[in-house]
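The next block holds one structure in the form of structure tokens; read it before the comments.
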Amino acid sequence: QVQLVESGGGLVQPGGSLRLSCEASGSIFSINFMAWYRQAPGKERELVALKTSGGATNYADSVKGRFTISRDNAKNTVYLQMNTLKPEDTAVYSCRVVTTPGADYWGQGTQVTVSS
């Protein structure tokens, strides 16, 4: 049984930083990509950042230059470093892992609130 456990969310002032972590536990092999999504109240879920097994990355235009996705292969953990946070970054952030055989796993989500 594969589980994704996220941590690092919370309340931060505009301009501040947070780092989210997502650790994959259990038997997981041949990861295709790991990614972060977010969903704000009343909005659809959107891709924030993605990192493939080959190291390629993709970011939403709204976070380019502010957010960085990274991965620790040995720990099966993906991180999202979020800098210069804005109120519009407020959302529930969820990690996702897709394996080459096509298995698709999601974390439970962690709340990020950017407010003064």
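Against the list (1) on the phi < 0 side of the Ramachandran plot; (2) open to solvent by 60 Å² or more (accessible area, probe 1.4 Å); (3) modelled with pLDDT of 95 or more, the condition residue 100 fails is (3). The strands (runs of 3 or more DSSP E) found wholly in the range 43-116 and carrying at least 2 residues that are within 22 Å of residue 10 (Cβ to Cβ) occupy 46-52, 67-72, 77-82, 91-99, 110-114. Checking each residue in the range 98-116 for being in contact with a Leu (Cβ under 6 Å, 6 or more places away or on another chain) and within 19 Å of residue 33 (Cβ to Cβ) picks out 105, 107.
Would you check which residues across the range 1-51 are among the small types (Gly, Ala, Ser), over 15 Å from residue 113 (Cβ atoms) and touching a strand residue (DSSP E or B) at 6+ places or on another chain (Cβ under 8 Å) and list them? The answer is 7, 21, 24, 25, 26, 30, 35, 49. From the residues in the range 19-44 that are open to solvent by 50 Å² or more (accessible area, probe 1.4 Å) and charged (D, E, K, R), which one is nearest to residue 104 (Cα to Cα)? Only one residue fits best here, namely 23.
Pairs are defined by a Cβ separation below 7 Å, a sequence spacing of at least 6 or placement on different chains, a first member in the range 51-77 that is surrounded by fewer than 18 Cβ atoms within 10 Å (Cβ to Cβ), and a second member that is assigned to a loop (DSSP other than H, G, I, E, B) and modelled with pLDDT of 95 or more; the pairs so defined are 66/83; 66/84. Only residues that are part of a strand (DSSP E or B) and in contact (Cβ under 8 Å) with a residue 60 or more places away in the chain were counted in the range 4-36, giving 18. Taken across the range 81-92, residues that are surrounded by 11 or more Cβ atoms within 10 Å (Cβ to Cβ) and within 21 Å of residue 1 (Cβ to Cβ) do not occur at all.
Identify the residue in the range 1-16 that is under 16 Å from residue 92 (Cα atoms) and open to solvent by 30 Å² or more (accessible area, probe 1.4 Å) and, among all such residues, is farthest from the chain's Cα centre (by Cα). Steps first, please.
Keep residues of the range 1-16 that are under 16 Å from residue 92 (Cα atoms), which gives 4-12.
Imposing the further condition that a residue be open to solvent by 30 Å² or more (accessible area, probe 1.4 Å) reduces the set to 5, 7-9, 11.
Numbers: 5: 11, 7: 10, 8: 10, 9: 11, 11: 17 Å.
Out of the qualifying residues, it is 11.
The values are calculated or read from the model by the stated rules, or taken from the named source; none is laboratory data. Every value quoted in this text rests on a predicted model; they were computed, and no experiment measured them. Heads up, the Cβs are rebuilt from the backbone with ideal geometry, glycines too, and the neighbour counts pull from every protein chain shown. Note: areas computed on protein heavy atoms with side chains; ligands, DNA, RNA excluded. Shrake-Rupley method; radii C 1.70, N 1.55, O 1.52, S 1.80 Å.
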